[in-house]
Amino acid sequence: MIKESALSLLLAAAGVSAFAQATPEGLWRSIDDDTNKPKAEIRIVANGSGVLTGKVEKALIESKEPLCTACTDERKDKPKLGMEIIRGAKKAASEAVWEGGNILDPENGKTYALKMTPIEDGKKLQIRGYIGPFYRTQIWQRIE
């Protein structure tokens, strides 16, 4: 009986751990589309109502322009480091997808409709940015 209880607790703890990884919350490493090398670390967090935001926490490739000169909103001419690039994403009701928000590419100042999907048991995050019917996909790697 004690062994069964211990096993149940262990399995429950493993389930909680796996569930915690099946979310975009955490620290992620983005990969440069051109060089396929790590580009930046982005921390994604949830506010009290479950809406996700993400900020550039660390640059891994030095940018030719440290400010977002191409941005067209209040982020114009602000430092890319520390910039909020993900805004307003919410979990879809029917699947493990976060959408409804947007993502900014601070290199070109463009904002895209956003869809985020944890893959490979939460070890990677599929980031898809849309403009109309067109989209671009990146796979980010979980750091923590």
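The values are calculated or read from the model by the stated rules, or taken from the named source; none is laboratory data. Quick caveat, the model's predicted, so the values are computed rather than measured. With ideal geometry, Cβ positions are generated from the backbone for all residues, glycine too; neighbour counts draw on all protein chains shown. Side chains included, ligands, DNA and RNA excluded: accessible areas come from the protein's heavy atoms. Shrake-Rupley method; radii C 1.70, N 1.55, O 1.52, S 1.80 Å.
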### Task
With the checklist (1) in contact (Cβ under 8 Å) with a residue 24 or more places away in the chain; (2) at positive phi in hand, flag the one item residue 143 doesn't pass.
(2)
### Number of the exception - residue 61 against (1) at pLDDT 95 or above; (2) farther than 17 Å from residue 128 by Cα; (3) of a type in the set (A, V, I, L, M)
(1)
### Query
Counting only residues that are touching a Ser or Thr at 6+ places or on another chain (Cβ under 7 Å), open to solvent by 40 Å² or more (accessible area, probe 1.4 Å) and part of a strand (DSSP E or B), how many does region 67-116 have?
3
## Note on the structure
Within region 23-68, the count of residues that are under 21 Å from residue 118 (Cβ atoms), among the β-branched types (Val, Ile, Thr) and out of contact with any Pro (no Cβ under 9 Å at 6 or more places or on another chain) comes to 4
### Task
Return only the number of the condition from (1) at pLDDT below 95; (2) assigned to a loop (DSSP other than H, G, I, E, B) that residue 12 does not satisfy.
(2)
### Query
So which residues in region 38-49 are more than 12 Å from the chain's Cα centre (by Cα) and either surrounded by 12 or more Cβ atoms within 10 Å (Cβ to Cβ) or modelled with pLDDT of 95 or more (or both), if there are any at all?
38, 39
### Selected residue (criterion: modelled with the lowest pLDDT) from residues of region 19-37 that are open to solvent by less than 60 Å² (accessible area, probe 1.4 Å) and over 15 Å from residue 107 (Cβ atoms)
20
### Task
Give me the pairs, please: first residue somewhere in region 106-120 and under 14 Å from residue 42 (Cβ atoms), second residue anywhere and of a type in the set (Gly, Ala, Ser) and open to solvent by 60 Å² or more (accessible area, probe 1.4 Å), beta-carbon distance under 8 Å, and either six or more positions apart or on two chains.
114/100
### Task
Please specify each residue of region 123-137 satisfying the condition of being modelled with pLDDT of 95 or more, surrounded by 13 or more Cβ atoms within 10 Å (Cβ to Cβ) and closer than 17 Å to residue 42 by Cβ.
124, 125, 126, 127, 128, 129
